[in-house]
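> My structure is below; once you've seen it, I'll send some questions.
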Amino acid sequence: MVNPELIHRCVEKLTLNPQIVCLPTVDSTNDEAKRLIASGRRAELLILADTQTHGRGRYNRTWHSPEGGLYLSLTLRPILHFDSIPLHSILCACAIAKALQNMGVDEVELKWPNDVLIAERKVAGILSELISIGPDEHLIVLGIGINQNTPLNLLPEDIRYSTTSILEHLGRTTSREKLLCDLLTLIDFRLQATRSSSSFDMVLDEWRQKNATLGSKIRVDDGSMTYIGIAKEILPDGSLLVHTDDGDITLCTGDLTHLCQD
Ligand code: BTN
């Protein structure tokens, strides 16, 4: 289990001030965060688990959560404005990418909206959920899953070709406390910069620098339609501008695949 003492010491230096809950196993850290919020907890929370029995990804997919991975949920009040919810996930994706680069991982890239890739294979994802706690009052649950010390043979065979782990890429195990502490520090820094500039521009610029999506041929399924086109730009609200044969479209969310260029 991650050493709670080290996490407390790390968090003391941050403006984030979450109550920390470390669990050996849980169904889903996001679900645990939601239960605590439903029971009245309003403080920022950091829920950590060594394994999850029902880890969830976007589009109700399973997030396989064997021992070795980093699984956490951070709850906070949305910053700036209500429309900026998707930008919080983009902020976390940028922080994860930077944390991986700090560990010496190369070929780190971001895929819209908030996947983190190593050498074109997914290593981390974010599931953000918005919880209403009163009239015009909300909390965001930012659920982060990172395949850290995860042997690929612990993941189902059908996702192994598109998935990787830090262990797989570096060929050695790395400290979970260190990655977690670095990640929280990097998230904290970006939240502070966003608050003080009243803008997510810094985060969006960082995403543009690290992304593998813009300029690529893509297929996006937004739940009702599938679009194929060239990803042109990420817009100030985090949505994606796509050039299709039928004209330009803007997507707020979607399941995106990078396609090979003809
Ligand atoms: C995705 O890429 O589809 C998002 C994956 C998010 C997984 C994390 S693991 C911690 C938190 N708890 C969950 O059940 N899901 C998120």
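The values are calculated or read from the model by the stated rules, or taken from the named source; none is laboratory data. Given the structure is predicted, the values throughout are model-derived calculations rather than measurements. Don't worry about glycine lacking a Cβ; one is built from the backbone with ideal geometry, like all the others, and counts go over all protein chains shown. Ligands, DNA and RNA are stripped out before the accessible areas are found, and what is left, the full protein with its side chains, is counted by its heavy atoms. Shrake-Rupley method; radii C 1.70, N 1.55, O 1.52, S 1.80 Å.
> So, R0 is 22 Å and r is the distance between the beta-carbons of residue 3 and residue 192; what FRET efficiency does that work out to, to 0.05?
Working from the Cβ atoms, E equals 0.30.
> If you don't mind, another one. Could you tell me which residue out of 229, 149, 242 lies farthest along the dipole of region 136-257 toward its positive end? Charges go on the beta carbon: Lys and Arg +1, Asp and Glu -1, centred on the Cα centre.
In region 136-257, that residue is 149.
> Give the distance, in whole Å, between the Cα centre of region 178-195 and the Cα centre of region 197-262.
After rounding, the separation between the Cα centres reads 25 Å.
> Which is farthest toward the positive dipole end of region 26-87 among 29, 76, 51, measuring Cα position about the Cα centre, with Cβ charges +1 (Lys, Arg) and -1 (Asp, Glu)?
Among 29, 76, 51, the one farthest towards the positive end of the dipole of region 26-87 is 76.
> Of all DSSP beta bridges located in the chain, what percent are antiparallel, nearest 5? Mind showing how you got there, number by number?
Working: 49 of 58 bridges.
Around 85 percent of the beta bridges assigned by DSSP in the chain are antiparallel ones.
> To the nearest 0.05, what FRET efficiency results for residue 244 and residue 133 with a Förster distance of 30 Å applied to their C-beta separation?
For residue 244 and residue 133, the calculated efficiency is 0.15.
> Given the options 81, 243, 169, which has the most mean-square fluctuation in a GNM of the chain, springs set between C-alpha atoms less than 10 angstrom apart?
81
> Largest first, please: the extent of the C-alpha atoms of region 210-262 along each principal axis, to the nearest Å.
Sorted largest first, the three principal extents are 30, 29, 20 Å.
> Note down the magnitude of the dipole of region 217-258 about its Cα centre, charges +1 on Lys and Arg C-beta and -1 on Asp and Glu C-beta and zero elsewhere, to the nearest 20 debye.
The dipole of region 217-258 has a size of about 160 debye.
> What lysines could a cross-link reach from residue 98, if we take a straight Cα to Cα line under 18 Å and drop same-chain neighbours fewer than 8 places away?
By straight Cα distance, residue 98 reaches 111, 122, 178, 210.
> Now a separate question. Over region 4-210, give the accessible area per residue in Å² for a 1.4 Å probe, as an integer.
Solvent-accessible surface per residue comes out at 43 Å².
> Please work through the chain and write down the cysteines that have no neighbouring cysteine Cβ at a distance under 4.7 Å.
Here 22, 92, 94, 252, 260 come out as lacking a disulfide-compatible partner, given the Cβ-Cβ threshold of under 4.7 Å.
> In debye, nearest 20, what is the charge dipole magnitude of region 4-210 about its Cα centre with +1 on Lys and Arg Cβ and -1 on Asp and Glu Cβ, if you could check?
140
> If you don't mind, another one. Hey, got a sec? Which trypsin sites (Lys or Arg not before Pro) in region 5-66 land in a DSSP loop and have at most 11 other Cβ atoms within 10 Å? Kindly include the intermediate steps, with their values, before the conclusion.
On the way: sites: 9, 13, 34, 35, 41, 42, 56, 58, 61; in loops: 13, 41, 42, 61.
Those that pass, being in a loop and sparsely packed, are 13.
> Which part of region 164-197 falls in the paramagnetic zone of residue 79, meaning amide N under 20 Å from the point 7 Å along Cα-to-beta-carbon?
Label zone hits: 180-197.
> Right, next: Quick one, can you get me the convex hull of the C-alpha atoms of the chain expressed as volume per residue in Å³?
Normalising the Cα hull of the chain by residue number yields 131 Å³.
> May I ask you to give the solvent-accessible area per residue for region 217-258, in square angstrom, as obtained with a 1.4 angstrom probe?
With the other protein chains kept in place, region 217-258 gives 54 Å² per residue.
> Take the solvent-accessible surface of the protein heavy atoms, probe 1.4 Å, and return the percent of it on region 217-258 that carbon and sulfur atoms account for.
Answer for region 217-258: carbon and sulfur cover 49 percent of the accessible area.
> Fully extended, how many nm does the chain gain between residue 22 and residue 233 (0.36 nm per residue separation, minus their Cα-Cα distance)?
Length difference between fully extended and current span is 72.1 nm.
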